[in-house]
């Protein structure tokens, strides 16, 4: 991907229009499993996990539910939440925006897989502060980001969507400012569909 031909202000509407197509095309192969396992190894049994930008809940929330964790899914796209509720009607699925995250709950783990990177750089810094407040001491964070600082465009259902990232050092600094410590980073992991993955822990 090169250049930016998408506005971050359009992301919600794109996913609303493309929810069914995105869900149908989303891989369930669980290429993310190695990172998910590394993340959950840091969590106590039955921990509360916040899935930010949970989408339809499949496959990420599904994996955590199957592993016995108590999942709260938050997304700002109603058609995505409708899909998740249809699959797990007993689940805790909430409409919300990670840019203004303010829940009464606290969590042992927070994951934002393929969602956090749709925020502008300044919104990402604010979101990290929100996530830090929602983690209990010792809690863990798992994010997909970009391999380097910049803004690019991707596509969802043929429509352009915005992506952005800080540098690895920029993330480390921002995390530290909010009481979080970077515990893992791998750019464009070839075993994870070239996702750039970040893990952190709240001291």
| Options (i) 30, 22, 14; (ii) 22, 21, 16; (iii) 26, 18, 17 - which one matches semi-axes √(5λ) of the Cα gyration tensor in Å as calculated here | (ii)
| said: To check my understanding: the extent here is largest minus smallest coordinate of the Cα atoms along each principal axis. What are those three numbers for segment 72-152, in Å, largest first? | reply: 39, 32, 19
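How do 62, 181 line up, fewest other C-beta atoms within 10 Å first?
Numbers: 62 17, 181 13.
Ordered by Cβ neighbours within 10 Å, fewest first: 181, 62.
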| query | Hey, rough spin-label estimate for residue 67 and residue 203, points 7 angstrom out along Cα→Cβ, what's it come to in nanometres? | reply | 2.6
| request: Treat each spin label as a single point 7 Å out from the Cα along the C-beta direction, and report the residue 194 to residue 85 distance in nm. | output: 3.7
| If you stretched the chain out fully between residue 21 and residue 136, how much longer would it get, using 0.36 nm times the residue separation minus the C-alpha to C-alpha distance? | 37.8 nm
| How many angstrom separate the Cα center of segment 158-179 from the Cα center of segment 19-62? | 20
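Among DSSP beta bridges lying fully in the chain, give the percent that are antiparallel, nearest 5. It would help to have the intermediate numbers written out before the result.
Numbers: 20 of 37 bridges.
Here the share of antiparallel DSSP bridges comes out near 55 percent.
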| query | Using helices alone, what [θ] at 222 nm do you get for the chain, with -39,500 (n - 2.57) per DSSP H run of 4 or more residues, divided over all residues and rounded to the nearest 500? | reply | -9500 deg cm²/dmol
| said: Only counting other Cβ atoms within 10 Å, I'd like 65, 128 sorted with the fewest neighbours first. | reply: 65, 128
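Starting from 0.36 nm per residue, how many nanometres of slack lie between residue 120 and residue 106 once their C-alpha separation is accounted for? Each step should come with its number before you reach the end.
Details: separation 14, 0.36 × 14 = 5.04 nm, distance 2.49 nm.
That works out to 2.5 nm of additional length.
Bear in mind that the values in this text are calculations on the coordinates, not laboratory data. A quick note: this is a predicted structure, and the numbers were derived from the prediction, not measured. Here the Cβ is made from the backbone with ideal geometry for all residues, glycine too, and neighbour counts use every protein chain on show.
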